[in-house]
1. For region 283-337, enumerate the residues that are touching a residue at least 60 places away in the same chain (Cβ under 8 Å) and within 19 Å of residue 260 (Cβ to Cβ).
2. Quick test of your reading of the structure: residue 332 fulfils all but one of (1) closer than 18 Å to residue 314 by Cα; (2) of a type in the set (Ser, Thr, Tyr); (3) in contact with a His (Cβ under 8 Å, 6 or more places away or on another chain). Name the failing condition by number.
3. For region 250-269, which positions are assigned to a strand (DSSP E or B) and open to solvent by 30 Å² or more (accessible area, probe 1.4 Å)?
4. Would you mind finding the one in 136, 120, 174, 107 that is more than 28 Å from residue 275 (Cα to Cα), modelled with pLDDT under 95, among the basic types (Lys, Arg) and open to solvent by 30 Å² or more (accessible area, probe 1.4 Å)?
5. Only one of 206, 254 is polar (S, T, N, Q) and either over 21 Å from the mean Cα position of the chain (by Cα) or over 24 Å from residue 165 (Cβ atoms) (or both). Can you tell me which?
6. Please find, within region 232-258, the residue that is farthest from residue 348 (Cα to Cα) out of those that are touching a Lys or Arg at 6+ places or on another chain (Cβ under 8 Å) and among the aliphatic types (A, V, I, L, M).
7. How about region 1-115: which strands (runs of 3 or more DSSP E) wholly inside it have at least 2 residues that are within 30 Å of residue 161 (Cβ to Cβ)?
8. Go through region 194-207 and report how many residues are of a type outside the set (Ser, Thr, Tyr) and crowded, with 24+ Cβ neighbours inside 10 Å.
Amino acid sequence: MNNKLAPTYQRMFGKYWVLWYFKSNNYSVIETEFKTLLDFYLHSDTLDEFSAKISSVDDVSDVKTVVNNLDTYLESCNASSASQLDASPAYKTSKRHIERQYRIKDKLITIFYDTDLVEKTIHPSLAHLETNAQPKKSAITFDLYTDNGQLNLFKNQQLITSVPQRDYHLVQGKFIMQLLTVIHAKEESDWIGTFHGSTVSDGTNSVLFIGKSGKGKSTLCALLAAHGFELLADDVSPMLSDNSHIYHNPTAISIKEGAFGTLQPMVPGFDDLPITLFNTTKGSLKYIPTKSPNKDNYPCKAIIMVNYEPNSKTQLESASVKEILETLIPDSWLSNHPKHAEQFLDWLVATPLYQITYSDTERVIETISAVFNGLEDNY
């Protein structure tokens, strides 16, 4: 049968299998029953052979329909979603209307923006790192501007990415990756990926917190940072291939207006933090800077999916790999290198997966502390 569409890597997680397809860099989560059919299909040379195999485990009246369904599944898994630019936009110095300089790990970085609105895509999360020193030669210069409906990011006047303005979050993620390569002296090809999640450390290990927008992920990490934990990364957590550790992302924690009342008494100078209004969907935001961690990387020993529910009891329970990946994958960047995909799956297999529901801030901090205390120090 059509085994050219077979997954490159596969790992079992209880009743689920996670499959990775090289051609598309897609991860697929399927149940064991479907995996059995898929294996029969991929290891059969003819329709009759496949029919004989599945009849031994299931009474299937319409084998051709099963084959069509498997073909459709494999084709969709191998279909690349990457879009190509019709033409690469030219760099324009004339778009340099706003200049900001930031000092990060003794490196001077300059970013030029064309408008106040474009500036809000990056600057508020880095404002605590801005320097007003006499301008000097920067290690790296970025340009971010809109042109013909596209939002363009340049690094040292070389195009990094160009996306429709409505997809500004893609530029934010790409910028963070480029920033991380500078401050950690790495290449983009050195990273397994950048996870859409926030990472907190106890000084020995770290935990990755994930969750859909509005579920309290960043608020919880801000609470933990206010109670002695180290914030390693907010919203974009990068994992390096060399050691599978998550590295420090120096951006501030973005907090929505609904959490202002909770954090105001716990965060010194909270009232003095400026309010950023970027769009109506996110509403008013404040960006909370935190101290740099003692180390710039830690092993990540658990993933916790966060779910804030008013008046709920604090409950920590196991989560399925399906729930975790459906939350983690959509807004994460994962390398398409086979070595990195294998490392990601190996790390995922060895990592406990949880979901936490909370509303009581004291109780949730106690619960997360217990998770850290239960982690093994060897990795």
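The values are calculated or read from the model by the stated rules, or taken from the named source; none is laboratory data. Everything numeric here is computed off the predicted structure, so don't read it as measured data. Note: ideal-geometry Cβ built from the backbone for every residue, glycine included; neighbour counts use all protein chains shown. Keep in mind that these areas ignore ligands, DNA and RNA; they rest on the heavy atoms of the full protein, side chains included. Shrake-Rupley method; radii C 1.70, N 1.55, O 1.52, S 1.80 Å.
1. 285, 287, 288, 289, 290, 306, 308
2. Of (1) closer than 18 Å to residue 314 by Cα; (2) of a type in the set (Ser, Thr, Tyr); (3) in contact with a His (Cβ under 8 Å, 6 or more places away or on another chain), only one is false for residue 332: (1).
3. 254, 256
4. Of the residues listed, the single one that is more than 28 Å from residue 275 (Cα to Cα), modelled with pLDDT under 95, among the basic types (Lys, Arg) and open to solvent by 30 Å² or more (accessible area, probe 1.4 Å) is 136.
5. It is 206.
6. 255
7. Because the criterion is at least 2 residues that are within 30 Å of residue 161 (Cβ to Cβ), the strands (runs of 3 or more DSSP E) in region 1-115 that meet it are 16-21, 26-31, 98-104, 107-113.
8. Number satisfying all stated conditions: 4.
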